[in-house]
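The values are calculated or read from the model by the stated rules, or taken from the named source; none is laboratory data. Just so it is clear, the model here is predicted, and its values are computed rather than measured. Methodologically, a virtual Cβ is constructed for each residue, glycine included, from the backbone with ideal geometry; neighbour enumeration extends over all protein chains shown.
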Amino acid sequence: MDAVAMKSVTQLTVNADHLQGAIGALFKARTVAVVGISADHAKLGNVILRNVVKNGFAGNIYGVCRAPVEPGVFESGYERVRFVQAFSEIEEPVDVALFAVPADMVVTALASVPLGRLRLAVILASGFTETGERGASLETALRQYCLETQLPVVGPNCQGVVVPGVKLQMTFSPMYNQMLEGKVAIVSQSGAMAGYMANNLMRRGVGLCCVVSSGNEAVLTAADYIHALADKPECRVVLCYIEQIKNGRHFARSVQRLGPQQRIVVVKSGRSTAGVAAASSHTGAMASDDRVIDGVFRQLGVVRARDSATAIDVAMALANGRRMKGGAVGILSVAGGLAVELSDLLELDGFTVPPFDPDTLERLKAKVPEFGASRNPIDLSGAILTQESLFEEVLNLFARARNLDGFAIISTFIRNPAFAHAIVRMYRSTDKPVVVCWTGTPEQTPESLEILTRSGIPIYGDTGRVALALRAIRGDTDIS
(Lines give C-alpha, C1' and ligand atoms only; values in the text may rest on other atoms or scores of the structure.)
Protein backbone atom coordinates (compact mmCIF):
# COMPACT_ATOMS: atom_id res chain seq x y z
CA MET A 1 0.00 0.00 0.00
CA ASP A 2 1.39 3.45 -0.88
CA ALA A 3 2.18 6.15 1.67
CA VAL A 4 -1.05 8.09 1.07
CA ALA A 5 -3.21 5.00 1.56
CA MET A 6 -1.45 4.26 4.88
CA LYS A 7 -2.44 7.61 6.40
CA SER A 8 -5.31 7.66 8.87
CA VAL A 9 -8.59 9.29 7.87
CA THR A 10 -7.99 12.16 10.29
CA GLN A 11 -4.69 13.00 8.52
CA LEU A 12 -6.32 13.33 5.11
CA THR A 13 -8.26 16.26 3.69
CA VAL A 14 -9.69 17.19 0.33
CA ASN A 15 -7.81 20.10 -1.25
CA ALA A 16 -9.91 23.20 -0.52
CA ASP A 17 -9.76 24.63 -4.05
CA HIS A 18 -10.61 21.23 -5.54
CA LEU A 19 -13.51 20.88 -3.14
CA GLN A 20 -14.94 24.32 -3.89
CA GLY A 21 -14.51 23.74 -7.61
CA ALA A 22 -16.59 20.58 -7.29
CA ILE A 23 -19.43 22.38 -5.53
CA GLY A 24 -19.20 25.15 -8.11
CA ALA A 25 -19.54 22.51 -10.83
CA LEU A 26 -22.80 21.40 -9.21
CA PHE A 27 -24.22 24.92 -9.48
CA LYS A 28 -23.34 25.08 -13.19
CA ALA A 29 -23.63 21.40 -14.09
CA ARG A 30 -23.46 20.51 -17.79
CA THR A 31 -22.89 16.75 -17.62
CA VAL A 32 -24.48 14.38 -15.10
CA ALA A 33 -24.74 10.63 -14.57
CA VAL A 34 -26.98 8.31 -12.56
CA VAL A 35 -25.35 5.05 -11.48
CA GLY A 36 -27.66 2.17 -10.61
CA ILE A 37 -30.11 2.07 -13.54
CA SER A 38 -32.06 -1.15 -14.16
CA ALA A 39 -34.98 -2.50 -16.18
CA ASP A 40 -37.21 -2.11 -13.11
CA HIS A 41 -38.87 1.32 -13.30
CA ALA A 42 -39.60 1.28 -9.56
CA LYS A 43 -35.89 1.16 -8.65
CA LEU A 44 -34.48 4.32 -7.10
CA GLY A 45 -31.95 4.99 -9.85
CA ASN A 46 -34.68 4.95 -12.48
CA VAL A 47 -36.87 7.32 -10.46
CA ILE A 48 -33.99 9.80 -10.20
CA LEU A 49 -33.10 9.50 -13.88
CA ARG A 50 -36.74 10.18 -14.70
CA ASN A 51 -36.67 13.33 -12.56
CA VAL A 52 -33.49 14.56 -14.25
CA VAL A 53 -34.99 14.07 -17.71
CA LYS A 54 -38.56 15.21 -17.08
CA ASN A 55 -37.61 18.40 -15.24
CA GLY A 56 -35.71 19.79 -18.19
CA PHE A 57 -31.99 19.44 -17.50
CA ALA A 58 -30.45 20.52 -20.81
CA GLY A 59 -26.95 19.09 -20.42
CA ASN A 60 -25.57 15.65 -21.21
CA ILE A 61 -27.14 12.78 -19.25
CA TYR A 62 -25.66 9.31 -18.74
CA GLY A 63 -27.31 6.27 -17.22
CA VAL A 64 -24.96 3.58 -15.89
CA CYS A 65 -26.55 0.13 -15.94
CA ARG A 66 -24.63 -3.15 -15.54
CA ALA A 67 -26.91 -4.92 -18.04
CA PRO A 68 -27.63 -3.52 -21.52
CA VAL A 69 -30.78 -1.40 -21.66
CA GLU A 70 -33.22 -3.13 -23.96
CA PRO A 71 -35.21 -1.07 -26.50
CA GLY A 72 -38.56 0.05 -25.13
CA VAL A 73 -37.55 -0.17 -21.45
CA PHE A 74 -37.67 3.62 -21.21
CA GLU A 75 -40.54 5.63 -22.69
CA SER A 76 -40.15 8.49 -25.16
CA GLY A 77 -38.17 11.47 -23.91
CA TYR A 78 -35.15 9.38 -22.94
CA GLU A 79 -33.61 9.45 -26.41
CA ARG A 80 -30.88 11.86 -25.34
CA VAL A 81 -29.83 9.71 -22.35
CA ARG A 82 -26.69 7.77 -23.15
CA PHE A 83 -26.78 4.37 -21.47
CA VAL A 84 -23.48 2.69 -20.65
CA GLN A 85 -22.58 -0.47 -18.73
CA ALA A 86 -19.60 1.02 -16.91
CA PHE A 87 -18.60 4.52 -15.84
CA SER A 88 -15.34 4.08 -17.70
CA GLU A 89 -17.31 4.17 -20.97
CA ILE A 90 -18.14 7.84 -20.34
CA GLU A 91 -15.38 9.64 -22.21
CA GLU A 92 -16.05 13.21 -21.05
CA PRO A 93 -15.67 14.75 -17.57
CA VAL A 94 -18.82 14.41 -15.45
CA ASP A 95 -19.78 17.28 -13.16
CA VAL A 96 -22.15 15.35 -10.87
CA ALA A 97 -22.90 11.63 -10.59
CA LEU A 98 -25.51 10.20 -8.28
CA PHE A 99 -24.95 6.65 -7.01
CA ALA A 100 -28.15 4.73 -6.28
CA VAL A 101 -26.47 1.57 -4.95
CA PRO A 102 -26.59 -0.21 -1.55
CA ALA A 103 -24.26 0.95 1.23
CA ASP A 104 -21.92 -2.04 1.00
CA MET A 105 -21.43 -1.47 -2.75
CA VAL A 106 -20.73 2.28 -2.64
CA VAL A 107 -16.93 2.19 -2.44
CA THR A 108 -16.76 -0.46 -5.18
CA ALA A 109 -18.97 1.70 -7.41
CA LEU A 110 -16.82 4.77 -6.76
CA ALA A 111 -13.66 2.78 -7.48
CA SER A 112 -15.02 2.00 -10.95
CA VAL A 113 -14.81 5.69 -11.85
CA PRO A 114 -11.54 6.58 -13.61
CA LEU A 115 -9.57 9.05 -11.51
CA GLY A 116 -10.21 12.63 -12.54
CA ARG A 117 -13.32 11.75 -14.57
CA LEU A 118 -15.84 12.86 -11.89
CA ARG A 119 -15.98 16.17 -10.00
CA LEU A 120 -18.72 15.46 -7.43
CA ALA A 121 -20.43 12.27 -6.25
CA VAL A 122 -23.81 12.07 -4.51
CA ILE A 123 -24.41 9.00 -2.33
CA LEU A 124 -28.04 8.28 -1.45
CA ALA A 125 -27.71 4.99 0.44
CA SER A 126 -28.47 4.76 4.14
CA GLY A 127 -26.91 2.09 6.33
CA PHE A 128 -23.84 4.01 7.49
CA THR A 129 -22.93 5.59 10.85
CA GLU A 130 -26.58 6.18 11.72
CA THR A 131 -27.15 2.40 11.97
CA GLY A 132 -24.36 1.42 14.36
CA GLU A 133 -20.89 -0.11 14.38
CA ARG A 134 -20.99 -1.94 11.03
CA GLY A 135 -22.42 1.10 9.28
CA ALA A 136 -19.80 3.31 10.91
CA SER A 137 -17.04 1.10 9.47
CA LEU A 138 -18.61 1.42 6.00
CA GLU A 139 -18.67 5.21 6.37
CA THR A 140 -15.04 5.25 7.51
CA ALA A 141 -14.06 3.23 4.43
CA LEU A 142 -16.06 5.60 2.20
CA ARG A 143 -14.41 8.65 3.70
CA GLN A 144 -10.96 7.04 3.48
CA TYR A 145 -11.44 6.27 -0.22
CA CYS A 146 -12.78 9.72 -1.06
CA LEU A 147 -10.00 11.53 0.76
CA GLU A 148 -7.31 9.35 -0.81
CA THR A 149 -8.69 9.98 -4.30
CA GLN A 150 -9.68 13.61 -3.61
CA LEU A 151 -13.30 12.93 -4.59
CA PRO A 152 -15.81 15.27 -2.91
CA VAL A 153 -19.02 13.49 -1.87
CA VAL A 154 -22.50 14.66 -0.90
CA GLY A 155 -24.01 12.31 1.70
CA PRO A 156 -24.27 9.42 2.29
CA ASN A 157 -27.80 8.88 3.66
CA CYS A 158 -29.20 11.83 1.73
CA GLN A 159 -31.92 12.63 -0.81
CA GLY A 160 -29.76 14.31 -3.45
CA VAL A 161 -29.37 17.79 -4.92
CA VAL A 162 -31.51 20.33 -6.76
CA VAL A 163 -30.29 23.33 -8.78
CA PRO A 164 -33.21 25.22 -10.37
CA GLY A 165 -30.86 27.51 -12.35
CA VAL A 166 -29.83 24.58 -14.58
CA LYS A 167 -33.11 22.65 -14.05
CA LEU A 168 -31.30 19.84 -12.29
CA GLN A 169 -33.66 17.75 -10.15
CA MET A 170 -31.38 14.99 -8.91
CA THR A 171 -33.50 13.50 -6.14
CA PHE A 172 -36.28 10.94 -5.79
CA SER A 173 -38.60 13.45 -4.09
CA PRO A 174 -41.55 14.75 -6.18
CA MET A 175 -41.57 18.01 -4.19
CA TYR A 176 -39.14 19.62 -6.63
CA ASN A 177 -41.04 18.85 -9.84
CA GLN A 178 -42.21 22.47 -9.99
CA MET A 179 -38.86 24.14 -9.38
CA LEU A 180 -38.92 27.91 -8.76
CA GLU A 181 -35.59 29.68 -9.14
CA GLY A 182 -34.76 32.36 -6.62
CA LYS A 183 -32.58 33.70 -3.82
CA VAL A 184 -32.65 31.04 -1.08
CA ALA A 185 -30.22 28.13 -0.73
CA ILE A 186 -31.18 25.18 1.47
CA VAL A 187 -28.55 22.94 3.08
CA SER A 188 -30.08 20.25 5.26
CA GLN A 189 -28.80 17.10 6.91
CA SER A 190 -32.37 15.81 6.74
CA GLY A 191 -33.71 15.18 3.25
CA ALA A 192 -37.33 15.33 4.44
CA MET A 193 -36.67 18.65 6.17
CA ALA A 194 -35.09 20.03 3.01
CA GLY A 195 -38.20 19.05 1.04
CA TYR A 196 -40.53 20.51 3.66
CA MET A 197 -38.73 23.86 3.70
CA ALA A 198 -38.36 24.02 -0.08
CA ASN A 199 -41.99 23.15 -0.73
CA ASN A 200 -43.27 25.75 1.74
CA LEU A 201 -41.03 28.49 0.39
CA MET A 202 -41.90 27.84 -3.26
CA ARG A 203 -45.60 27.62 -2.45
CA ARG A 204 -45.31 31.10 -0.93
CA GLY A 205 -43.51 32.49 -3.97
CA VAL A 206 -39.93 32.29 -2.65
CA GLY A 207 -37.59 30.69 -5.18
CA LEU A 208 -34.46 28.62 -4.59
CA CYS A 209 -30.92 28.81 -5.94
CA CYS A 210 -30.12 25.28 -4.74
CA VAL A 211 -31.09 22.50 -2.33
CA VAL A 212 -28.44 20.18 -0.90
CA SER A 213 -29.47 17.23 1.22
CA SER A 214 -26.15 16.73 3.00
CA GLY A 215 -27.00 13.61 5.02
CA ASN A 216 -24.24 12.17 7.20
CA GLU A 217 -21.64 14.57 5.76
CA ALA A 218 -18.88 11.96 5.53
CA VAL A 219 -16.74 14.26 3.37
CA LEU A 220 -18.53 17.51 2.53
CA THR A 221 -20.16 19.33 5.46
CA ALA A 222 -22.59 22.24 5.74
CA ALA A 223 -19.57 24.52 6.17
CA ASP A 224 -18.28 23.55 2.72
CA TYR A 225 -21.56 24.43 1.02
CA ILE A 226 -21.79 27.72 2.93
CA HIS A 227 -18.23 28.51 1.84
CA ALA A 228 -19.17 27.95 -1.80
CA LEU A 229 -22.44 29.92 -1.53
CA ALA A 230 -20.47 32.96 -0.37
CA ASP A 231 -19.26 33.17 -3.97
CA LYS A 232 -22.86 33.32 -5.25
CA PRO A 233 -24.03 36.89 -4.49
CA GLU A 234 -27.38 36.09 -6.09
CA CYS A 235 -27.99 33.81 -3.09
CA ARG A 236 -29.32 36.16 -0.39
CA VAL A 237 -30.31 33.60 2.24
CA VAL A 238 -28.60 30.35 3.26
CA LEU A 239 -31.16 28.27 5.16
CA CYS A 240 -29.69 25.32 7.09
CA TYR A 241 -30.98 22.40 9.12
CA ILE A 242 -27.99 21.04 11.06
CA GLU A 243 -27.75 18.20 13.55
CA GLN A 244 -24.00 18.42 14.10
CA ILE A 245 -21.25 20.95 13.36
CA LYS A 246 -18.22 18.76 12.72
CA ASN A 247 -15.53 21.48 12.50
CA GLY A 248 -16.39 24.65 14.38
CA ARG A 249 -13.49 26.71 13.01
CA HIS A 250 -14.28 25.78 9.41
CA PHE A 251 -17.95 26.60 9.98
CA ALA A 252 -17.07 30.01 11.45
CA ARG A 253 -14.69 30.85 8.60
CA SER A 254 -17.30 29.86 6.03
CA VAL A 255 -20.00 32.02 7.63
CA GLN A 256 -17.59 34.95 7.82
CA ARG A 257 -17.07 34.71 4.04
CA LEU A 258 -20.72 35.52 3.35
CA GLY A 259 -21.24 38.93 1.80
CA PRO A 260 -22.99 41.91 3.43
CA GLN A 261 -26.18 41.20 1.48
CA GLN A 262 -26.24 37.52 2.48
CA ARG A 263 -27.82 36.16 5.67
CA ILE A 264 -27.64 32.70 7.18
CA VAL A 265 -30.57 31.13 9.04
CA VAL A 266 -29.99 27.91 10.98
CA VAL A 267 -32.20 25.38 12.72
CA LYS A 268 -29.73 23.53 14.96
CA SER A 269 -31.40 20.47 16.43
CA GLY A 270 -30.26 18.24 19.27
CA ARG A 271 -31.04 20.81 21.99
CA SER A 272 -32.67 18.26 24.31
CA THR A 273 -31.73 14.79 25.53
CA ALA A 274 -34.40 13.26 23.30
CA GLY A 275 -33.28 15.40 20.36
CA VAL A 276 -29.65 14.32 20.74
CA ALA A 277 -30.68 10.65 20.74
CA ALA A 278 -32.88 11.13 17.68
CA ALA A 279 -30.10 12.94 15.78
CA SER A 280 -27.67 10.11 16.53
CA SER A 281 -29.97 7.51 14.97
CA HIS A 282 -30.92 9.84 12.09
CA THR A 283 -27.54 10.96 10.73
CA GLY A 284 -25.08 9.63 13.30
CA ALA A 285 -24.64 13.14 14.75
CA MET A 286 -22.80 13.58 18.05
CA ALA A 287 -23.99 15.88 20.85
CA SER A 288 -22.61 19.39 21.31
CA ASP A 289 -23.05 22.01 24.05
CA ASP A 290 -26.05 24.04 22.98
CA ARG A 291 -25.02 27.08 25.02
CA VAL A 292 -21.71 27.19 23.17
CA ILE A 293 -23.57 26.96 19.85
CA ASP A 294 -25.80 29.89 20.87
CA GLY A 295 -22.79 32.03 21.77
CA VAL A 296 -20.93 31.26 18.55
CA PHE A 297 -24.01 31.93 16.43
CA ARG A 298 -24.49 35.34 18.10
CA GLN A 299 -20.87 36.29 17.44
CA LEU A 300 -21.13 35.23 13.79
CA GLY A 301 -24.49 36.91 13.15
CA VAL A 302 -26.18 33.59 12.41
CA VAL A 303 -29.96 33.80 12.75
CA ARG A 304 -30.96 30.87 14.95
CA ALA A 305 -34.57 29.84 14.44
CA ARG A 306 -36.25 27.72 17.09
CA ASP A 307 -37.91 25.44 14.52
CA SER A 308 -38.31 24.86 10.80
CA ALA A 309 -41.58 26.81 10.47
CA THR A 310 -39.94 29.86 12.04
CA ALA A 311 -36.91 29.43 9.78
CA ILE A 312 -39.16 29.42 6.70
CA ASP A 313 -40.84 32.65 7.86
CA VAL A 314 -37.44 34.26 8.44
CA ALA A 315 -36.06 33.16 5.06
CA MET A 316 -39.12 34.65 3.38
CA ALA A 317 -38.59 37.95 5.21
CA LEU A 318 -34.95 38.15 4.15
CA ALA A 319 -35.16 36.85 0.58
CA ASN A 320 -35.86 40.20 -1.09
CA GLY A 321 -32.73 41.72 0.43
CA ARG A 322 -34.38 44.73 2.07
CA ARG A 323 -33.04 45.77 5.48
CA MET A 324 -34.22 48.20 8.14
CA LYS A 325 -31.97 51.18 8.94
CA GLY A 326 -33.73 51.80 12.25
CA GLY A 327 -36.63 50.54 14.33
CA ALA A 328 -39.50 52.87 13.38
CA VAL A 329 -42.46 50.98 11.87
CA GLY A 330 -45.58 52.36 10.21
CA ILE A 331 -48.76 50.28 10.40
CA LEU A 332 -51.72 50.60 8.03
CA SER A 333 -54.70 48.40 8.78
CA VAL A 334 -58.30 47.84 7.80
CA ALA A 335 -58.85 46.10 11.16
CA GLY A 336 -58.28 48.19 14.29
CA GLY A 337 -57.84 45.31 16.72
CA LEU A 338 -55.05 43.68 14.71
CA ALA A 339 -53.25 47.03 14.44
CA VAL A 340 -53.39 47.44 18.23
CA GLU A 341 -52.07 43.90 18.72
CA LEU A 342 -49.19 44.41 16.29
CA SER A 343 -48.31 47.75 17.92
CA ASP A 344 -48.01 45.99 21.28
CA LEU A 345 -45.88 43.18 19.86
CA LEU A 346 -43.52 45.56 18.07
CA GLU A 347 -42.94 47.80 21.08
CA LEU A 348 -42.33 44.74 23.27
CA ASP A 349 -39.69 43.70 20.71
CA GLY A 350 -37.95 47.08 20.86
CA PHE A 351 -39.47 48.76 17.81
CA THR A 352 -41.24 52.11 17.85
CA VAL A 353 -44.57 52.95 16.23
CA PRO A 354 -44.02 56.73 16.12
CA PRO A 355 -46.34 59.56 15.09
CA PHE A 356 -46.02 60.54 11.44
CA ASP A 357 -43.94 63.54 10.46
CA PRO A 358 -46.11 66.73 10.40
CA ASP A 359 -46.35 66.96 6.61
CA THR A 360 -47.47 63.31 6.22
CA LEU A 361 -49.92 63.65 9.11
CA GLU A 362 -51.63 66.68 7.56
CA ARG A 363 -52.00 64.92 4.21
CA LEU A 364 -53.40 61.80 5.90
CA LYS A 365 -55.93 63.83 7.89
CA ALA A 366 -57.32 65.15 4.62
CA LYS A 367 -57.88 61.57 3.37
CA VAL A 368 -58.76 59.35 6.33
CA PRO A 369 -62.45 59.51 7.40
CA GLU A 370 -63.21 60.94 10.85
CA PHE A 371 -64.25 57.52 12.21
CA GLY A 372 -60.89 56.09 11.16
CA ALA A 373 -57.48 56.95 12.59
CA SER A 374 -54.88 59.02 10.75
CA ARG A 375 -52.19 58.61 13.39
CA ASN A 376 -49.78 55.65 13.41
CA PRO A 377 -51.17 52.98 13.24
CA ILE A 378 -53.63 54.05 10.55
CA ASP A 379 -57.04 52.40 10.82
CA LEU A 380 -59.08 52.73 7.63
CA SER A 381 -61.87 50.61 9.08
CA GLY A 382 -64.75 49.82 6.69
CA ALA A 383 -64.39 53.02 4.67
CA ILE A 384 -62.48 51.25 1.93
CA LEU A 385 -65.53 49.12 1.13
CA THR A 386 -67.38 52.19 -0.13
CA GLN A 387 -64.37 54.25 -1.26
CA GLU A 388 -62.20 51.83 -3.24
CA SER A 389 -59.60 54.45 -4.22
CA LEU A 390 -59.05 55.48 -0.60
CA PHE A 391 -56.84 52.48 0.20
CA GLU A 392 -54.27 53.23 -2.49
CA GLU A 393 -54.35 56.97 -1.89
CA VAL A 394 -53.53 56.47 1.79
CA LEU A 395 -50.93 53.79 0.93
CA ASN A 396 -49.11 56.28 -1.30
CA LEU A 397 -48.95 58.86 1.50
CA PHE A 398 -47.98 56.16 4.00
CA ALA A 399 -45.05 55.04 1.81
CA ARG A 400 -43.64 58.58 1.68
CA ALA A 401 -43.48 59.07 5.46
CA ARG A 402 -39.94 60.30 6.07
CA ASN A 403 -39.55 59.09 9.67
CA LEU A 404 -40.30 55.40 9.12
CA ASP A 405 -37.84 52.55 8.50
CA GLY A 406 -40.35 49.88 7.49
CA PHE A 407 -44.04 49.24 6.89
CA ALA A 408 -46.62 46.68 7.99
CA ILE A 409 -49.92 46.40 6.14
CA ILE A 410 -52.83 44.48 7.67
CA SER A 411 -55.76 43.25 5.59
CA THR A 412 -58.66 40.97 6.45
CA PHE A 413 -60.95 39.03 4.12
CA ILE A 414 -60.91 41.46 1.19
CA ARG A 415 -61.75 39.61 -2.01
CA ASN A 416 -61.31 42.54 -4.40
CA PRO A 417 -57.88 42.00 -6.06
CA ALA A 418 -57.52 45.76 -6.61
CA PHE A 419 -56.30 46.07 -3.02
CA ALA A 420 -53.58 43.46 -3.57
CA HIS A 421 -52.46 45.27 -6.73
CA ALA A 422 -52.31 48.53 -4.74
CA ILE A 423 -50.07 46.91 -2.10
CA VAL A 424 -47.73 45.62 -4.83
CA ARG A 425 -47.47 49.09 -6.42
CA MET A 426 -46.70 50.61 -3.02
CA TYR A 427 -44.05 47.94 -2.38
CA ARG A 428 -42.37 48.74 -5.69
CA SER A 429 -42.42 52.47 -4.99
CA THR A 430 -40.12 52.22 -1.95
CA ASP A 431 -36.85 50.51 -1.08
CA LYS A 432 -37.88 50.13 2.58
CA PRO A 433 -39.10 46.77 3.93
CA VAL A 434 -42.81 46.05 3.56
CA VAL A 435 -44.46 43.12 5.38
CA VAL A 436 -48.10 42.10 4.93
CA CYS A 437 -50.47 40.44 7.38
CA TRP A 438 -53.19 38.90 5.20
CA THR A 439 -55.80 36.99 7.15
CA GLY A 440 -57.83 35.77 4.16
CA THR A 441 -57.21 32.12 3.28
CA PRO A 442 -56.40 30.84 -0.24
CA GLU A 443 -59.98 29.58 -0.45
CA GLN A 444 -61.44 32.95 0.56
CA THR A 445 -59.13 35.31 -1.38
CA PRO A 446 -57.36 33.20 -4.02
CA GLU A 447 -56.69 35.89 -6.62
CA SER A 448 -55.41 38.45 -4.11
CA LEU A 449 -53.03 35.96 -2.49
CA GLU A 450 -51.72 34.89 -5.90
CA ILE A 451 -50.95 38.53 -6.76
CA LEU A 452 -49.12 39.10 -3.49
CA THR A 453 -47.27 35.79 -3.66
CA ARG A 454 -45.86 36.57 -7.12
CA SER A 455 -44.67 40.01 -5.99
CA GLY A 456 -41.98 38.89 -3.54
CA ILE A 457 -43.58 40.68 -0.58
CA PRO A 458 -43.28 38.72 2.69
CA ILE A 459 -46.84 37.66 3.63
CA TYR A 460 -47.99 36.16 6.94
CA GLY A 461 -51.32 35.10 8.36
CA ASP A 462 -51.05 36.66 11.82
CA THR A 463 -49.46 39.63 13.60
CA GLY A 464 -47.06 37.51 15.66
CA ARG A 465 -45.32 36.26 12.53
CA VAL A 466 -45.23 39.80 11.10
CA ALA A 467 -43.41 40.99 14.23
CA LEU A 468 -41.00 38.06 13.96
CA ALA A 469 -40.31 38.88 10.29
CA LEU A 470 -39.56 42.51 11.13
CA ARG A 471 -37.15 41.37 13.85
CA ALA A 472 -35.27 39.30 11.26
CA ILE A 473 -35.21 42.21 8.81
CA ARG A 474 -33.89 44.47 11.59
CA GLY A 475 -31.00 42.06 12.08
CA ASP A 476 -31.96 40.10 15.20
CA THR A 477 -30.20 36.73 15.44
CA ASP A 478 -32.12 34.81 18.13
CA ILE A 479 -35.55 34.30 16.58
CA SER A 480 -38.06 32.38 18.67
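In the set Ala383, Ala335, only one residue is surrounded by fewer than 21 Cβ atoms within 10 Å (Cβ to Cβ) and touching a helix residue (DSSP H, G or I) at 6+ places or on another chain (Cβ under 7 Å); that residue is Ala383. If I go through the range 173-194 residue by residue, how many of them are modelled with pLDDT of 95 or more, out of contact with any Phe, Trp or Tyr (no Cβ under 8 Å at 6 or more places or on another chain) and in a loop (DSSP other than H, G, I, E, B)? Adding up the residues that qualify gives 1.
Looking across the range 309-326, the residues that are small (Gly, Ala, Ser) and crowded, with 18+ Cβ neighbours inside 10 Å come down to Ala311, Ala315, Ala317, Ala319.
Working only within the range 33-52, note down all residues that are free of Cβ contacts under 8 Å to residues at least 40 places away in the same chain and within 25 Å of the chain's Cα centre (by Cα). Reasoning before the result, please.
Just the residues of the range 33-52 that are free of Cβ contacts under 8 Å to residues at least 40 places away in the same chain, to begin with: 38-42, 46, 49-50.
Leu49, Arg50 - these are the residues of the range 33-52 that are free of Cβ contacts under 8 Å to residues at least 40 places away in the same chain and within 25 Å of the chain's Cα centre (by Cα).
Just to be sure before I move on: is Gly215 farther than 16 Å from Val122 by Cβ and in a loop (DSSP other than H, G, I, E, B) in the structure I sent? Taking the combined requirement at face value, the residue does not satisfy it. For the range 111-131, indicate whether the set of residues that are under 13 Å from Val35 (Cα atoms) and surrounded by fewer than 20 Cβ atoms within 10 Å (Cβ to Cβ) is non-empty. Among the residues of the range 111-131, at least one is under 13 Å from Val35 (Cα atoms) and surrounded by fewer than 20 Cβ atoms within 10 Å (Cβ to Cβ), which makes the answer yes.
When you scan the range 93-141, how many residues do you find that are small (Gly, Ala, Ser) and part of a helix (DSSP H, G or I)?
If we filter the range 93-141 for residues that are small (Gly, Ala, Ser), which is where we start, we get 97, 100, 103, 109, 111-112, 116, 121, 125-127, 132, 135-137, 141.
This time we only want the ones that are part of a helix (DSSP H, G or I), so: 103, 109, 111, 135-137, 141.
Of the residues in that region, 7 qualify.
Is it fair to say Val296 is hydrophobic (A, V, I, L, M, F, W, C), assigned by TED's automatic domain parsing to the domain that holds Val184, crowded, with 23+ Cβ neighbours inside 10 Å and at pLDDT 90 or above? No.
Residues that are modelled with pLDDT of 80 or more and not charged (D, E, K, R): which helices (runs of 4 or more DSSP H) entirely in the range 1-92 hold 3 or more of them?
Numbers: elements: 3-6, 16-27, 44-54.
In the range 1-92, the matching helices (runs of 4 or more DSSP H) lie at 16-27, 44-54.
For the range 153-172, the criterion of a residue being part of a loop (DSSP other than H, G, I, E, B), over 18 Å from the mean Cα position of the chain (by Cα) and modelled with pLDDT of 95 or more is satisfied by at least one position.
If the condition is being more than 23 Å from Gly440 (Cα to Cα), among the aliphatic types (A, V, I, L, M) and surrounded by 13 or more Cβ atoms within 10 Å (Cβ to Cβ), then the range 338-372 contributes Val353, Leu361, Leu364, Val368. Selection over the range 428-438 of residues that are within 18 Å of Ala472 (Cβ to Cβ) and assigned to a loop (DSSP other than H, G, I, E, B) gives a count of 3. Restricting attention to the range 414-440, the residues that are modelled with pLDDT under 95 and among the polar types (S, T, N, Q) add up to 2. For the range 406-438, the set of residues classified as within 13 Å of Ser333 (Cα to Cα) and of a type in the set (Phe, Trp, Tyr) consists of Phe407, Phe413, Phe419, Trp438, listed by residue number.
What are the pairs, 6+ residues apart or on separate chains, where a residue within the range 192-206 that is touching a residue at least 40 places away in the same chain (Cβ under 8 Å) and farther than 12 Å from Ser173 by Cβ has its Cβ under 8 Å from a residue that is among the basic types (Lys, Arg) and not in a loop (DSSP other than H, G, I, E, B)? Note: pairs meeting the criteria are Gly205/Arg454; Val206/Lys183.
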